[in-house]
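Q: The structure follows.
The values are calculated or read from the model by the stated rules, or taken from the named source; none is laboratory data. Predicted, not measured: the structure shown is a model, and the values here were computed from it. Positions of Cβ are generated from backbone atoms using ideal geometry, with glycine treated the same way; all protein chains shown enter the neighbour counts.
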């Protein structure tokens, strides 16, 4: 909420119904806020995916053991955003 509504006065509890909009503008719909939350989760997923790719860059070297498995893993990471949804986990790293 802070990222998207920093200039608005609001307070909240645990649920949408407890969200108090202390501004003259209309309170965003529950669906809109859920969409923003999914955007945040997707952004966090991409940050983690990019770090996993960066951490495994060295496995793409031509003489790295089990290189084919690592190349497949890295391809799965690159493809992951197209199959991602909340609760779906990244593939397991191959054994070196």
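Q: So residue 80 passes all but one of these: (1) in contact (Cβ under 8 Å) with a residue 40 or more places away in the chain; (2) surrounded by 15 or more Cβ atoms within 10 Å (Cβ to Cβ). Which condition number does it fail?
A: Exception for residue 80: condition (1).
Conditions (1) touching a helix residue (DSSP H, G or I) at 6+ places or on another chain (Cβ under 6 Å); (2) more than 22 Å from residue 3 (Cα to Cα); (3) at pLDDT 95 or above; (4) not in a helix (DSSP H, G or I), marked per residue:
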position: 26; (1), (2), (3), (4): no, no, no, yes
position: 32; (1), (2), (3), (4): no, no, no, no
position: 38; (1), (2), (3), (4): no, no, no, no
position: 48; (1), (2), (3), (4): no, no, yes, no
position: 53; (1), (2), (3), (4): yes, yes, yes, no
position: 71; (1), (2), (3), (4): no, yes, yes, no
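Q: Restricting the search to segment 1-33, which residues are surrounded by 12 or more Cβ atoms within 10 Å (Cβ to Cβ) and within 22 Å of residue 84 (Cβ to Cβ)?
A: Matches in segment 1-33: 4, 33.
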